[in-house]
Amino acid sequence: MFIKNTWYVAAWDKEVTTDGLFARTIIGVPVLMYRKENGDIVALEDRCCHRGAPLSAGRREGDCVRCMYHGLKFDAQGQCIEAPAQPRIPPQARVRTFPVVQRHRWIWIWMGDPGRADPALIAETPWLDHPDWRSLDGYIHYDVNYLLICDNLLDFSHLPFVHPTTLGGSADYAANQPKVERLGNGVRITRWALDIDPPPFAAAIKNWAGTVDRWNIYNFTVPAILLMDSGMAPAGQGAREGNRDGAIEFRGCQAITPETDHSTHYFFAHPHNFSIDNPEVTSSVHQSVVDAFEEDRDIITAQHKSLSLAPDFRMVAFGIDAALNQFRWMVSRQLQQEAAEAAAAHATVSIVQAQDAEPASSKV
Ligand code: FES
Ligand SMILES: [Fe+2]
């Protein structure tokens, strides 16, 4: 079960083109995306309303797509507008469409009630295309439920253990308790580690005279969006109090989008605002992050396999689980709310149907 009334990242902008058909499953629903000739993005359910063949196996015809099983043609609104050998097309011959918005390089999709798809609710990621920041596009596919990835991202105490040669650094990092604050739709985590050795990825791009003060400050919001201010400055100069002289800074943008119950899309970038004209620095930062995220994938996939062997396994809670417990509680609360709304809507429809079915003689 997934939250529906929220914006999910569906793709990087470059993945959806004016001449192709791009298929991606989002929260268990197959979606076909393409760009119209004017560049606008179309998102249709990737399942022909005739016999269920994927439209992504079809053919572009201008701004329309033709199913290449029996030849139905659909317009960008999902309406069937042509059927071979049948001039009259029933109005219900259509496929579902989804609201989509392209913003700062990410294409966002709304899988719930289209009437509630307010673009103002989309998380802001200006660093993805801002001229003062540089990053490369990242995507990883996972064969686990998305909440296990959220758990990982909500507790950075794993850094020295999972990422000793990339993002990690000294074990002191894990000893620092983060501050966890509740947001309306997520949590905010502030973690400082003072006077520690620079982690390997930072040592690879800058010569540090000594230890550093390192920060990771991020919002993690529903459905699963991580936006982070992170960096490090020479130790002891007061970075925590706001002095970022000589610091290196990043604005991590990560979006975790469920594909199915047991698979997940992971979109990420790690923009930096120093050495922006040096592509080697950008590529070194990116590669460190990719390597680290593959380390995460290894341990999380192993955890998933372990857990799947023991459905009754009961985890033992530790203090480091505070943020992920709060986040999981928020997800459950929104799922319950959506289930209650769906049940109420269903009850209303049933009453209306019962009234419509009532024999005329019994009506006053
Ligand atoms: S399944 Fe698409 S036309 Fe028959
Ligand atoms: Fe990690």
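Worth a mention:
- Listed values for the range 23-31 are Karplus-derived 3J(HN,Hα) couplings in whole Hz (6.51 cos²θ - 1.76 cosθ + 1.60, θ = phi - 60°), namely 10, 8, 8, 10, 6, x, 10, x, 10, and x replaces Gly and Pro.
- Distance from the C-alpha centroid of the range 1-49 to that of the range 59-136: 6 Å, rounded to the whole angstrom.
- Residues whose amide H comes within less than 5 Å of that of Phe274, counting only those at least five positions distant or on another chain, are Glu249 (H built at 1.01 Å from N in the peptide plane).
- The fraction of all Cα pairs in the range 204-291 landing in successive 5 Å bins from 0 to the largest distance is 3, 12, 19, 21, 18, 13, 7, 4, 2, 0, given as whole percents.
- For the range 34-43, the Karplus equation 6.51 cos²θ - 1.76 cosθ + 1.60, evaluated at θ = phi - 60°, returns couplings of 7, 9, 6, 4, 7, x, 5, 8, 10, 10 Hz by residue, with Gly and Pro reported as x.
- Amide H contacts of Glu259: Ile27, Thr264, His265, each under 5 Å away and 5 or more positions distant or on a separate chain (H built 1.01 Å from N in the peptide plane; Pro and chain starts excluded).
- Ordering Leu121, Leu153, Ala171 by Cα displacement along the dipole of the range 115-200 toward the positive end leaves Leu121 in first place; charges were set at the Cβ atoms of Lys, Arg (+1) and Asp, Glu (-1).
- Förster radius 41 Å - calculated FRET efficiency between Arg60 and Gln337, Cβ distance, rounded to 0.05: 0.55
- Placing unit charges on the Cβ atoms of the charged side chains and taking the dipole of the range 123-259 about its Cα centre, the candidate lying farthest along the positive direction among Gly186, Ile256, Val222 is Gly186.
- P(r) for the chain, from all Cα pairs and a bin width of 10 Å, is 5, 20, 28, 22, 14, 7, 3, 1, 0, 0 %, short bins first.
- Treating r as the C-beta distance of Gln353 and Arg96 and R0 as 25 Å, the FRET efficiency rounds to 0.70.
- Gap separating the Cα centres of the range 246-288 and the range 185-206, nearest whole Å: 14
- Working value for the range 111-189: equivalent-ellipsoid semi-axes of 28, 19, 16 Å, each the square root of 5 times a Cα gyration tensor eigenvalue, largest first.
- Taking θ as phi - 60° and the Karplus parameters 6.51, -1.76 and 1.60, the scalar couplings of the range 112-121 work out to x, 5, x, x, 9, 7, 8, x, 5, 7 Hz in sequence order, x denoting glycine and proline.
- For the pair Leu309 and Ser284 in one chain, pulling the backbone fully straight at 0.36 nm per residue adds 5.2 nm over the alpha carbon distance.
- Simple Cβ-charge dipole of the chain, Lys/Arg +1 and Asp/Glu -1, about Cα centre, in debye nearest 20: 980
- Accessible surface, 1.4 Å probe, highest first, among residues Ser230, Ser135: Ser135, Ser230
- Taking the chain and dividing mean pair separation by its residue count, relative contact order in percent (alpha carbons under 8 Å, at least six apart): 16
- Model label zone, Gln237; criterion: amide N under 15 Å from point 7 Å along Cα-to-beta-carbon; scope the range 266-281: 274-275
- For the pair Ala23 and Ala171, label points projected 7 Å from Cα toward Cβ lie 5.0 nm apart.
- Relative contact order (%) - the range 93-163, alpha-carbon pairs under 8 angstrom, separation at least six: 18
- For the residue pairs Lys206/Lys305; Lys4/Lys305; Lys4/Lys206; Lys14/Lys73; Lys73/Lys305, the C-alpha atoms sit more than 32 angstrom apart in Lys206/Lys305; Lys4/Lys206; Lys73/Lys305.
- Ranked by how many other beta carbons lie within 10 Å on average, peptides 122-134, 334-346 from highest: 122-134, 334-346
- Long-range HN-HN contacts of Arg96 with modeled amide H, under 5 Å: Glu45
- Residue among Phe220, Phe274, Phe327 with the largest mean-square fluctuation in a Gaussian network model of the chain, springs linking Cα atoms under 10 Å: Phe274
- Label-to-label distance, Phe161 versus Ile320, with points set 7 angstrom from Cα along the beta-carbon direction: 0.4 nm.
- Computed over protein heavy atoms with a 1.4 Å probe, the carbon and sulfur contribution to the accessible area of the chain reaches 52%.
- The chain: Cys lacking any partner C-beta under 4.7 angstrom: Cys49, Cys64, Cys80, Cys150, Cys253
- Trp208 paired with Glu294, simple spin-label distance in nm, labels 7 Å along Cα-to-beta-carbon: 2.4
- Lys/Arg +1, Asp/Glu -1 at C-beta; the chain dipole; positive extreme among Gly62, Gly39, Ser288: Gly62
The values are calculated or read from the model by the stated rules, or taken from the named source; none is laboratory data. Computed from a predicted model, the values in this text were never measured in an experiment. Heads up, the Cβs are rebuilt from the backbone with ideal geometry, glycines too, and the neighbour counts pull from every protein chain shown. Calculation scope for accessible area: heavy atoms of the full protein, side chains included, ligands and nucleic acids excluded. Shrake-Rupley method; radii C 1.70, N 1.55, O 1.52, S 1.80 Å.
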